[in-house]
Amino acid sequence: MLQIKDTLVSMDLIERFFVCDLDSCLGACCVEGDAGAPLALGEKEAIEAVLDSVKDLLTPAALREIGENGVAYTDPDGDLVTSIVGGRDCVFTRYEAGGKCLCALESAFREGRIPDVKPISCRLYPVRLKEYDGFTAVNLHRWKICKCAETLGRAKGIRAYEFLRGPLERRFGKEWWEELDLTVKEWLRQNPTALKL
C-alpha cells in the first residue's frame, strides 16, 4: 500500500491496468452484485432533489420501488445504498438496444437536465473506499465482469489510477492526485518489472 495524505492506496490500483469497456460488459456493474451503489453523505438528498427530472428515464418497476421504498436503503452491512429492482438492478439503470445498461442520472446530467448527482462510488468504480478511524482505504475491487476492462487497459497501457483520475480528484482533491501520481511514478522507476505487470 502507498500512503497518500490520510489515505492508504492499494497497490492493485497502481499495478493493474483498467479502462471501462462498456461495449463488452454492457454496464454489468449497474445490475450485478448483492446491493445498490454505496451513497456518500448528502448524495441521497441530492438525488431526491432531481428525481422528478429523471422519472421519464426510469422503468415502471424502478418507479414502483422508489415509490414504495425511496431512492435508497440501508444494506445488511449498515451502508446506505441505492434501491434495487428484483434483487439486482439499480433503480437508476436504463436499458438500451442490445441490453446495454446506462445510468439515468448520468444520462440526464449529460443532457443538461440535472447537476451531476451520480454517486461518487459509481464514478470511482472499480475503486471502493473504506473509512477507518483516521484514514481511508482506497482499494480496487476486482471481479469477472471487469476482466474486459483490464484487457483493454493493458492494451492501451492505462493503469487503473490513471483511468480514474477525474473521480479520484473529485473525491480527494487535485493536490492528493498529484502526490499519488508522483509517488507512483517514483515507485515504478524503482520497480521496473512492475511496468509489465
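The values are calculated or read from the model by the stated rules, or taken from the named source; none is laboratory data. All of these numbers come straight from a predicted model, not from anything done at the bench. Using ideal geometry, Cβ is built from the backbone for each residue, glycine included, and neighbour counts are taken over all protein chains shown. Accessible surface is based on the protein model in full, side chains and every heavy atom, while ligands, DNA and RNA are left aside. Shrake-Rupley method; radii C 1.70, N 1.55, O 1.52, S 1.80 Å.
Checking each residue in segment 84-102 for being out of contact with any Cys (no Cβ under 8 Å at 6 or more places or on another chain), in a loop (DSSP other than H, G, I, E, B) and buried (at least 20 other Cβ atoms within 10 Å of the Cβ) picks out only VAL91.
Against the numbered list (1) surrounded by fewer than 17 Cβ atoms within 10 Å (Cβ to Cβ); (2) at pLDDT below 95, GLU178 comes up short only at (2).
Cβ-Cβ below 9 Å, separation at least six or inter-chain, first residue in segment 138-162 and closer than 21 Å to ALA37 by Cβ, second of a type in the set (S, T, N, Q) and at pLDDT 85 or above: which pairs? Partner pairs satisfying both residue conditions: VAL138/THR7; VAL138/SER10; ASN139/SER10; LEU140/SER10. Being surrounded by 15 or more Cβ atoms within 10 Å (Cβ to Cβ), aromatic (Phe, Trp, Tyr) and at pLDDT below 90 is not true of TYR73. Of all residues in segment 146-171, those being assigned to a helix (DSSP H, G or I) and out of contact with any Leu (no Cβ under 8 Å at 6 or more places or on another chain) number 17.
The set of residues from segment 4-21 being touching a residue at least 12 places away in the same chain (Cβ under 8 Å), open to solvent by 30 Å² or more (accessible area, probe 1.4 Å) and over 16 Å from TYR125 (Cβ atoms) comprises LYS5, ASP6, LEU8, GLU15. Considering segment 103-126, the residues that are touching a Cys at 6+ places or on another chain (Cβ under 8 Å) and either hydroxyl-bearing (Ser, Thr, Tyr) or part of a strand (DSSP E or B) (or both) include one that is surrounded by the fewest Cβ atoms within 10 Å (Cβ to Cβ), namely TYR125.
Among the candidates ALA149, ALA137, the residue that is among the hydrophobic types (A, V, I, L, M, F, W, C) and farther than 26 Å from ALA46 by Cα is uniquely ALA149.
How many of the residues making up segment 36-56 are open to solvent by 30 Å² or more (accessible area, probe 1.4 Å) and either without any contact (Cβ under 8 Å) to a residue 24 or more places away in the chain or of a type outside the set (S, T, N, Q) (or both)? Talk me through it step by step, then tell me what you get.
Here is the first cut: in segment 36-56, the ones open to solvent by 30 Å² or more (accessible area, probe 1.4 Å) are 38, 40-42, 44-46, 48-49, 52-53, 55-56.
Now restrict to residues that are either without any contact (Cβ under 8 Å) to a residue 24 or more places away in the chain or of a type outside the set (S, T, N, Q) (or both): 38, 40-42, 44-46, 48-49, 52, 55-56.
Selection size over segment 36-56: 12.
Checked against the criteria, ARG142 does not count as assigned to a helix (DSSP H, G or I) and basic (Lys, Arg). The residue that is modelled with the lowest pLDDT, counting only those in segment 117-156 that are more than 15 Å from ASP21 (Cβ to Cβ) and over 14 Å from the mean Cα position of the chain (by Cα), is GLU131.
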